[in-house]
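What follows is one structure encoded as structure tokens, with my remarks underneath.
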Amino acid sequence: MTDLSPAAQAVLDAFTEDNSLHDWKHNHYNIDALAAAFRAAAGQVVPDQQEPASSPHMGNFITNARWRQCQAIRTRLLAIADELEAQ
């Protein structure tokens, strides 16, 4: 098993903590499912957008800074998924 970033390790530790009867860290099927869940969450919470989208609530565009922040969050979530899949 390769070393994980602190973020990916925290996710894996949280996932395995309540499942101590099983050796989930060595069960690639379940780790892949966890990675898929992170990908799905990233897609739902921070959809992939090429440019800032208009806000239906405010009737204007979100700021470029806010859009970049959201895309950075998406990138971090997907990086965790990538690390988990590489296990």
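Between a residue in the stretch 33-53 that is more than 20 Å from E83 (Cα to Cα) and any residue that is hydrophobic (A, V, I, L, M, F, W, C), which pairs come within a Cβ distance under 7 Å, given they are 6 or more apart or on different chains?
Here the result reads P52/F61; P52/I62; P52/W67; A53/I62, each pair linking the stretch 33-53 to a residue that is hydrophobic (A, V, I, L, M, F, W, C).
List the residue pairs whose Cβ atoms are under 9 Å apart, where the first residue sits in the stretch 1-13 and is closer than 12 Å to A86 by Cβ and of a type in the set (V, I, T), the second is outside any helix (DSSP H, G or I) and modelled with pLDDT under 85, and the two are 6 or more positions apart or on different chains.
T2/Q87
Just checking, how many residues over the stretch 28-64 are surrounded by fewer than 16 Cβ atoms within 10 Å (Cβ to Cβ), modelled with pLDDT of 80 or more and hydrophobic (A, V, I, L, M, F, W, C)?
Within the stretch 28-64, residues that are surrounded by fewer than 16 Cβ atoms within 10 Å (Cβ to Cβ), modelled with pLDDT of 80 or more and hydrophobic (A, V, I, L, M, F, W, C) number 6.
So, of the residues in the stretch 1-27 that are assigned to a helix (DSSP H, G or I) and of a type in the set (D, E), which turns out to be modelled with the lowest pLDDT?
In the first step, residues of the stretch 1-27 are kept if they are assigned to a helix (DSSP H, G or I); the result is 6-17, 24-26.
Next cut, of a type in the set (D, E) only: 13, 17.
Values: D13: 80, E17: 69.
Only one residue fits best here, namely E17.
The values are calculated or read from the model by the stated rules, or taken from the named source; none is laboratory data. Keep in mind the model is a prediction, meaning the values are calculated, not measured. Cβ sites come from the backbone with ideal geometry, for glycine too, and all protein chains shown count toward neighbours.
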